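The values are calculated or read from the model by the stated rules, or taken from the named source; none is laboratory data. These numbers were taken from a predicted model, which means no experiment stands behind them. Cβ placement follows ideal geometry from the backbone for every residue including glycine, while neighbour counts extend to all protein chains displayed.
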Amino acid sequence: NVSTNIDVKAVNAVKIYSALRRSRGVSKSELAHEVRLSFASVSNMCTALEKAGLVSVKENSRSTGGRKAAKVSFYPDHAYTLAVDMHHTQHIYLGLLNLRKELKKSIRFEVSEHDTLEMILAHMKEAYIKLCNGDIPRLLGISVGISAVHDPNTGILLQSSNPVFERVQLSRYL
């Protein structure tokens, strides 16, 4: 429901950002034509998105006689999602995916049948630190895959392929 100027700007930002995510870089005039907004609106929004680190605006080296067109490109490495694959009983994978859903880095660590929940969580933390190489990225969220039956009301895992996770509210620890 678009009723205020702020709502209109938010809707326009989503249109522009979504169009940029689908492209490999376009000029502001091409973008304005695609999203059916004025050049001024697109230009202002691209400036705001560039300041936020979500897009890059680079001046085109070619000139057609007038002002050089700037190429606006989506910046997929602005933020990441941490994916944690806990489907296996002998190992766990962690991976960083950028905004284009490209796996940028991954790491795997072994899980022993004698590991406790606390030990596994400590290994996960160590693996995350190794994965990031000391440079903690901006995380949008964590996605966890685990073979388990859970109670949707409490989030507690009732049954799991790895018994150490049973009767645990895993989201509380992550």
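Checking Arg36, Arg21, Arg62 one by one, the residue that is of a type in the set (Lys, Arg) and either modelled with pLDDT under 85 or in contact with a Ser or Thr (Cβ under 7 Å, 6 or more places away or on another chain) (or both) is Arg62 and no other. Taking the criterion of being surrounded by 13 or more Cβ atoms within 10 Å (Cβ to Cβ) and hydrophobic (A, V, I, L, M, F, W, C), the residues of segment 145-157 that qualify are Ile146, Ala148, Ile156, Leu157. Screening Leu103, Leu49 for residues that are surrounded by 13 or more Cβ atoms within 10 Å (Cβ to Cβ) and not acidic (Asp, Glu) leaves exactly one candidate, Leu49.
Within this structure, Glu126 fails the test of being on the phi < 0 side of the Ramachandran plot, exposed (fewer than 12 other Cβ atoms within 10 Å of the Cβ) and of a type in the set (Asp, Glu).
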